[in-house]
Amino acid sequence: MFKIAGIDHIVLRTSKLDRMLHFYCDILGCKLERKTTQETGLIQLRAGNALIDLISVDSTLGRVGGGAPASTENNLDHFCLQLKVISEIEVKQHLLDHGINVGDFHQRYGAEGFGNSVYIEDPEGNIVELRSQIK
């Protein structure tokens, strides 16, 4: 069994990027940490020891999640849990033992820099990214 160390990041989809940046940076005090190409549409903001990722709904990444956030469309793309030190093999085996579909780990950027993670779904279909600290 693995243990969660904390939330690494959340990913919010938005059609109001300028207003979201103003809210999270100017009002709440987050700092711009990383920005990908406009086509990809990912902006990462530092929020203490975690990240808040903003994805424009009209970008490559944003279109994957459907329409703009509304009462019938999601604005949360996924959230990422940072795991305590454990091997990727142990994580995968634990998930498989519990009947959870799991793919391969891939290197992605998170609150602690680049690291390996895997996506799974909770019972409601929410995407949860599990980020391992290599054993």
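The values are calculated or read from the model by the stated rules, or taken from the named source; none is laboratory data. From a predicted model like this one, the values you see are computed outputs, not experimental measurements. Counting neighbours? That spans all protein chains shown, and the Cβs are built from the backbone with ideal geometry, glycine included. Areas reflect the complete protein model, heavy atoms only, side chains present, ligands, DNA and RNA absent. Shrake-Rupley method; radii C 1.70, N 1.55, O 1.52, S 1.80 Å.
Under the combined filter of DSSP loop state and at most 14 neighbouring Cβ atoms within 10 Å, region 35-104 retains these GluC sites (Glu not before Pro): 39. Computed in the context of the full set of protein chains, the accessible area of the chain at 1.4 Å probe radius has 52% of its extent on carbon or sulfur.
Applying the Karplus relation 6.51 cos²θ - 1.76 cosθ + 1.60 with θ = phi - 60° to region 23-31 yields 3J(HN,Hα) values of 4, 6, 8, 6, 8, 8, x, 5, 10 Hz, where x marks Gly and Pro. Amide H to amide H distances under 5 Å link residue 14 with 55, 56, 57, where only residues 5 or more positions off or on other chains count and H is placed in the peptide plane.
Largest GNM mean-square fluctuation among 63, 46, 13, using the chain with Cα springs under 10 Å: 63.
Based on DSSP H segments of at least four residues, each scored -39500 (n - 2.57), the chain has a per-residue ellipticity at 222 nm of -3500 deg cm²/dmol. Could you tell me how many degrees, from 0 to 90 and to the nearest 10, lie between the Cα long axis of helix 88-97 and the main elongation axis, the longest principal axis, of the Cα atoms of the chain? The two axes meet at around 80 degrees. With springs only between Cα atoms under 10 Å apart, run a GNM on the chain and tell me which of 77, 26, 122 wobbles the most. Between 77, 26, 122, it is 122 that shows the largest mean-square fluctuation. Dipole magnitude for the chain: about 400 debye, using +1 per Lys or Arg Cβ and -1 per Asp or Glu Cβ, origin at the Cα centre. In the chain, Cα pairs under 8 Å separated by at least six residues give a relative contact order of 27 percent.
Between residue 76 and residue 104, the contour length at 0.36 nm per residue exceeds the alpha carbon distance by 7.8 nm.
When 21, 28 are compared by accessible area of protein heavy atoms, the largest-first order is 28, 21, using a 1.4 Å probe. If both residues of a DSSP beta bridge must be in region 1-102, then about 75% of such bridges are antiparallel. Amide H contacts for residue 51 (H built 1.01 Å from N in the peptide plane; partners 5 or more residues away or on another chain; cut-off under 5 Å): 9, 10, 111. Mind jotting down the distance between the C-alpha centroids of region 1-50 and region 56-101, whole Å? Distance between centres, Cα-based: 15 Å.
Shown for the chain: lysine pairs separated by 8 or more places, or found on different chains, whose C-alpha atoms are under 14 Å apart, numbering 5. Excluding ligands, DNA and RNA, the accessible surface per residue across the chain is 60 Å² with a 1.4 Å probe. The phi torsions of region 98-112, fed into the Karplus equation with coefficients 6.51, -1.76 and 1.60 and a -60° offset, translate into couplings of 9, x, 9, 5, 9, x, 9, 6, 9, 6, 9, 8, x, 4, 9 Hz, rounded to whole numbers, with Gly and Pro shown as x. Remark on residue 68: its backbone amide H falls under 5 Å from none of the residues 5 or more positions apart or on other chains, H modelled at 1.01 Å from N.
Using the Cα atoms of the chain to build a convex hull, what is its mean projected area in square nanometres?
Mean projected area of the Cα convex hull: 8.4 nm².
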